[in-house]
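Structure first, then comments.
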Amino acid sequence: MKSYLRYFSVFTLLFIAFSCGNADDDVNLDLNFGDGLGKGKPVDDCLAFGESDLVLSIQEQYTTLPGKVSILFKVSDTDGSPVAGLTADQFTIYEQGRNDACFNTISQSESQARISSNSQIFNANTLLVLDLSNSVLSSSLDELKTASVSFVNNVMPTTSEESYKMAIYWFDGEDELHLLNDLTSSKQELVDAINSITEDISNDPSTDLYGAVIKSTKIAEDLLKESIKNEVIGAASVVIFTDGTDQASRYTEEAALKKVNDASSNVSFFTIGLGSEIDTQVLTDIGKTYSVFAGNAEELENTFNAISIKISERANSFYLFEYCSPKRDGSGDNNLVIRVVDGNQKGAVQTEFSADGFTGGCE
């Protein structure tokens, strides 16, 4: 993997990040989750594509000899909603060399274009944070366990993939975020951990909601920093379930919201509220990416499933698109356009790459 990543321009980004300071807080490698083009730029007018319905946001790109071009990008609609499930045949490649007035279409079969596993350069971690205070344990534990198992089954891939991991934490009234199961790619391990929860797991009947928000956010950001050290781009989702408001009063609402709002844009926040004692506005502010509420325990599974869909769509809207370029050594920098068509929706993005050292064939 080391030789594979030496072509990866993330090293340049890491040098910039670390050269700005030595503190951990200076390390930053934000993905572009908005409606911008990331490292890409608008497509040349010579292609006359017109208005776009989809946004291709380039996160990173690199080349591998003898002639492979790899681009990691996120696809969303113009409202910023992720677009998952695209296949290689929905993409068209256009290249423009130094002698081309406009772009030439590159044959998909000849270029061996494909959507590849992005596990070598991208990972997605989910933190499931459960309120196990007395009110939950005494009245809705069975429903919560069923909903949590369903959540794990929906979010985690059918077969274990190192690029998709989940950890489970829980909180009560103590000034501690308890670990139920460490970060793992094993779906069965997570399910077993959930099934192991019993009514006597907690010794403190209070609810330290704001503390759980602050601590889980720090864990998520630490995971991102660890990804950078391993030369991998990371994204994280924090999913917090509660059936009430903060009762412990160790931390303030302002401190919790500041932690959320100051977090890296690579961290997504989701909240699930149960019952009539929750503060929907606070949970909506904490779950700034998406929030859902259940009126009773019987609705929990549906609300957890709604969140799992959002998380899966977000993670699966990142694509590592790879193809073999016909450009050869000496052709220098070339313009590249990738276009996607999904039903009635379409979008494109432009970038450039160097063909220095390119020869025939492609790994």
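The values are calculated or read from the model by the stated rules, or taken from the named source; none is laboratory data. Only a predicted model underlies this, so the values are computations on that prediction, with no experimental measurement involved. When we count neighbours, we look across all protein chains shown, and the Cβ atoms used for this are built from the backbone with ideal geometry, even at glycine. The protein model used for the area step is the full one, side chains on, heavy atoms only, and it has no ligands, DNA or RNA in it. Shrake-Rupley method; radii C 1.70, N 1.55, O 1.52, S 1.80 Å.
The table below lists the values:
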| quantity | calculated |
| --- | --- |
| Any hit, region 314-336, residues being in a helix (DSSP H, G or I), under 30 Å from Asp44 (Cα atoms) and out of contact with any helix residue (DSSP H, G or I) (no Cβ under 9 Å at 6 or more places or on another chain) | yes |
| Members of region 232-263 that are in a loop (DSSP other than H, G, I, E, B), surrounded by 21 or more Cβ atoms within 10 Å (Cβ to Cβ) and of a type in the set (Phe, Trp, Tyr) | none |
| The lone exception for Lys346 - which of (1) over 15 Å from Ser76 (Cβ atoms); (2) part of a strand (DSSP E or B); (3) in contact with a Phe, Trp or Tyr (Cβ under 9 Å, 6 or more places away or on another chain); (4) open to solvent by 40 Å² or more (accessible area, probe 1.4 Å) it fails | (1) |
| Region 148-189, residues that are in a helix (DSSP H, G or I) and among the aromatic types (Phe, Trp, Tyr) | Phe151 |
| Close pairs (6 angstrom Cβ cut-off, 6 or more residues apart or separate chains): open to solvent by 10 Å² or more (accessible area, probe 1.4 Å) in region 65-86, among the β-branched types (Val, Ile, Thr) anywhere | Pro66/Thr359; Val83/Val75 |
| Residue in region 125-147 that is within 24 Å of Gly287 (Cα to Cα), of a type outside the set (Ser, Thr, Tyr), outside any helix (DSSP H, G or I) and open to solvent by 20 Å² or more (accessible area, probe 1.4 Å) present | no |
| Within region 109-118, considering residues that are in contact (Cβ under 8 Å) with a residue 24 or more places away in the chain and not in a strand (DSSP E or B), the one farthest from the chain's Cα centre (by Cα) | Glu110 |
| Verdict on Asn153 being open to solvent by 10 Å² or more (accessible area, probe 1.4 Å), in contact with a helix residue (DSSP H, G or I) (Cβ under 6 Å, 6 or more places away or on another chain), within 23 Å of Leu223 (Cα to Cα) and not small (Gly, Ala, Ser) | no |
| Some residue of region 98-107 being under 18 Å from Lys41 (Cβ atoms), buried (at least 18 other Cβ atoms within 10 Å of the Cβ) and touching a strand residue (DSSP E or B) at 6+ places or on another chain (Cβ under 8 Å) | yes |
